[in-house]
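Submitted below is the structure of interest, expressed as structure tokens.
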Amino acid sequence: MKEQIKKIFVKFDIVNLFKQFVKFGLVGVLNTIVGLGTIFICMNLFKLDYKISNIIGYIIGVLNSFIFNKFWTFKSTANFKGEAVKFFAVFLVCFGIQFGFTVFFKEILLFPKEIATIGGMVIYTILGFFGNKIFTFKKDTKNYTDK
């Protein structure tokens, strides 16, 4: 049984996957601070509409996220432009879903704009992790060899 568990850890590179997940989480925390900070500053300091503030915050956040995830989390050496396009595509899908939920929370459920924004951000984060892990920074499995 112990040997079978060891084979699973080696085959799926569980240790590396866990490290990657932790790094993704740390980038997410930084990205949340940057994005949410930008949104709240735009809404409260510059008195911009929550929708415009949301768009600005996510644009700033997506740039931060791409750079840190490409070079630190996933240590990708693949084509920068190709991954940037994929990352942006994942962002657009996740942002659209997030934006819809944020508006729904604010306009239909009448949540305060800050709570609606945080609810949308949780949805975005979950979808963004899976989208980027599976699509943007996917390793070429046919050339993958166990360490």
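As I understand it, the value is the acute angle between the Cα axis of helix 50-68 and the longest principal axis of the Cα atoms of the chain; what does it come to in degrees, rounded to 10?
For 50-68 against the chain, the angle is about 20 degrees.
Tell me the net charge near Phe68. Cut-off is 14 Å between Cβ atoms, Phe68 excluded, with +1 for each Lys or Arg and -1 for each Asp or Glu.
Overall, the nearby charge balance is +2.
Something else about it: With everything on Cα atoms, drop me the angle between helix 113-131 and the longest principal axis of the chain, reported from 0 to 90° to the nearest 10.
20 degrees
Separate question: Given Lys86/Lys113; Lys51/Lys86; Lys75/Lys106; Lys86/Lys106, which pairs have Cα atoms separated by over 27 Å?
Lys86/Lys113; Lys75/Lys106; Lys86/Lys106
Counting pairwise Cα distances across the chain, what percent come out greater than 22 angstrom?
It works out to 46 percent of all Cα pairs.
Would you work out which of Phe40, Phe68, Leu109 lies farthest towards the positive end of the dipole of segment 18-147? Charges go on Cβ: Lys and Arg +1, Asp and Glu -1.
Positive-end residue among those listed: Phe68.
Can you give the calculated 222 nm mean residue ellipticity of the chain, where each DSSP H run of n ≥ 4 adds -39,500 (n - 2.57) and the sum is split over every residue, rounded to the nearest 500 deg cm²/dmol?
-23000 deg cm²/dmol
Another one. Cβ neighbours within 10 Å, averaged per peptide: list 40-51, 83-94 in order, most packed at the top.
My ranking of the peptides, most packed first, is 83-94, 40-51.
Going by alpha carbons, how many degrees (0 to 90, nearest 10) lie between the helix axis of 80-103 and the longest principal axis of the chain?
Orientation of helix 80-103: about 50 degrees from the principal axis.
Readers should treat all values here as calculations from the given coordinates under stated rules, not as data from a laboratory. Model, not experiment: these values are computed from the prediction. Every residue, glycine among them, receives a Cβ derived from its backbone with ideal geometry; neighbour counts consider all protein chains shown.
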